[in-house]
1. Residue pairs, Cβ under 6 Å, 6 or more apart or interchain, first in the range 255-271 and touching a residue at least 60 places away in the same chain (Cβ under 8 Å) and farther than 25 Å from L198 by Cα, second surrounded by fewer than 23 Cβ atoms within 10 Å (Cβ to Cβ) and among the acidic types (D, E). List them.
2. When the residues of the range 204-226 are narrowed to those that are more than 19 Å from S261 (Cβ to Cβ) and surrounded by 14 or more Cβ atoms within 10 Å (Cβ to Cβ), which ends up modelled with the highest pLDDT?
3. So which strands (runs of 3 or more DSSP E) stay within the range 1-77 end to end and still have 2 or more residues that are modelled with pLDDT under 65?
4. On the basis of being under 22 Å from V274 (Cβ atoms) and either without any contact (Cβ under 8 Å) to a residue 24 or more places away in the chain or not assigned by TED's automatic domain parsing to the domain that holds H188 (or both), does F134 make the cut?
5. What tally of residues in the range 148-162 results from selecting those that are part of a loop (DSSP other than H, G, I, E, B) and more than 21 Å from M190 (Cβ to Cβ)?
6. In this structure, does K145 turn out to be surrounded by fewer than 21 Cβ atoms within 10 Å (Cβ to Cβ), part of a strand (DSSP E or B) and among the basic types (K, R)?
7. Can you tell me which residue in the range 187-203 is modelled with the lowest pLDDT, limited to those that are of a type outside the set (A, V, I, L, M, F, W, C) and in contact with a helix residue (DSSP H, G or I) (Cβ under 7 Å, 6 or more places away or on another chain)?
8. Tally time: how many residues in the range 232-258 are under 22 Å from I36 (Cβ atoms), assigned to a strand (DSSP E or B) and touching a Leu at 6+ places or on another chain (Cβ under 8 Å)?
Amino acid sequence: MLKFFYKVICLITLTLLSNVVIAKTIVPFELINGLIVIEAEINGEIGNYILDSGSNGILLNSKSEKSDISYQTLSGVVEGSETKISSLKLGDFKSSELLGFSTDLTNLEIYIDKSLAGILGCAIFTPSSLEFDFKEERVVISNNKIDSKLVKGMTSMKYKVVDELPIGEIVINGKKRSFVVDTGASSHFMDSNLIAQLGSQAMKTGITKNILTASGELSFSEEYTISSLGYGKSKSLMNAFSKDFSGLSRELGQSIHGLISLSKLSDKIIFFDVVNKKIYY
């Protein structure tokens, strides 16, 4: 859905100069159309932000006409401007002297029907673990390792990090496929070329949607039920919308076959073991 994967095209990188190390901070969230929306304070102003494991920095909502930087999103290139952030506060987490990017996020505001100050990529916290509790609607950001007792009996999925984006593996027809694991998406997505290759194993559900991105692009997508699919050690079906991932694959330098929406993966608790690169659900 309305999802950002961005990689700056010009040679500018996110800088984190003075993070305050925290043992644990608990942040309440509101789940709106599958998106995790939290309150954070940037430059002394409190606002609503989408918390996004599929973004690698800070994106601020600005209707300014200034545009001097281009960066890649799932749906193509979006224009924006470099923004210096003097302070960031989220729960007990504090950081200063950050580099962010500004662009017009009006379309995302319309989608969640709520004022939106921006998007926060989970990579900025550099935690040891993340806990997304969809029942209690809270996220726990911690520098402590995950207690093995908490994840006993849960399904696990290994992932790797590419340009600070978590890439998990799903087995389809006996082949490993790479999917971005994303807290900032409202649906699962699968590459349209892969869906075509699956033939009868990808059945149309009859559900369609128009995907409106922050860049203003509107695209029509159909939903498919995918069989012969394995998450970690478990096997299941996946309902996914068709999407072209070729642009993202080129930017990341590897084939990306789709996107896993965390809120669609489980409606209970999901753990990110950042140290050992595992997701439990």
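1. Here the result reads I269/D133; F271/E131, each pair linking the range 255-271 to a residue that is surrounded by fewer than 23 Cβ atoms within 10 Å (Cβ to Cβ) and among the acidic types (D, E).
2. E217
3. Working: elements: 24-28, 30-32, 35-42, 45-52, 58-61, 69-73.
Qualifying strands (runs of 3 or more DSSP E): 69-73.
4. Yes; evaluated as a whole, the condition is true for this residue.
5. Filtering the range 148-162 down to residues part of a loop (DSSP other than H, G, I, E, B) leaves 148-155.
Okay, now just the ones that are also more than 21 Å from M190 (Cβ to Cβ), so 148-154.
Total meeting the criteria: 7.
6. Numbers: surrounded by fewer than 21 Cβ atoms within 10 Å (Cβ to Cβ): yes; part of a strand (DSSP E or B): no; among the basic types (K, R): yes.
Spelling it out, it is not the case that K145 is surrounded by fewer than 21 Cβ atoms within 10 Å (Cβ to Cβ), part of a strand (DSSP E or B) and among the basic types (K, R).
7. So in the range 187-203, the residues of a type outside the set (A, V, I, L, M, F, W, C) come out as 187-188, 191-193, 197, 199-201.
From the residues that got through so far, the ones that are in contact with a helix residue (DSSP H, G or I) (Cβ under 7 Å, 6 or more places away or on another chain) too are 187-188.
Details: S187: 87, H188: 91.
So the residue we want is S187.
8. Residues meeting the conditions: 3.
The values are calculated or read from the model by the stated rules, or taken from the named source; none is laboratory data. Here the structure is a predicted model, which means the values were calculated and not measured. Glycine gets a Cβ as well: all are built from the backbone with ideal geometry, and neighbour counts include every protein chain shown.
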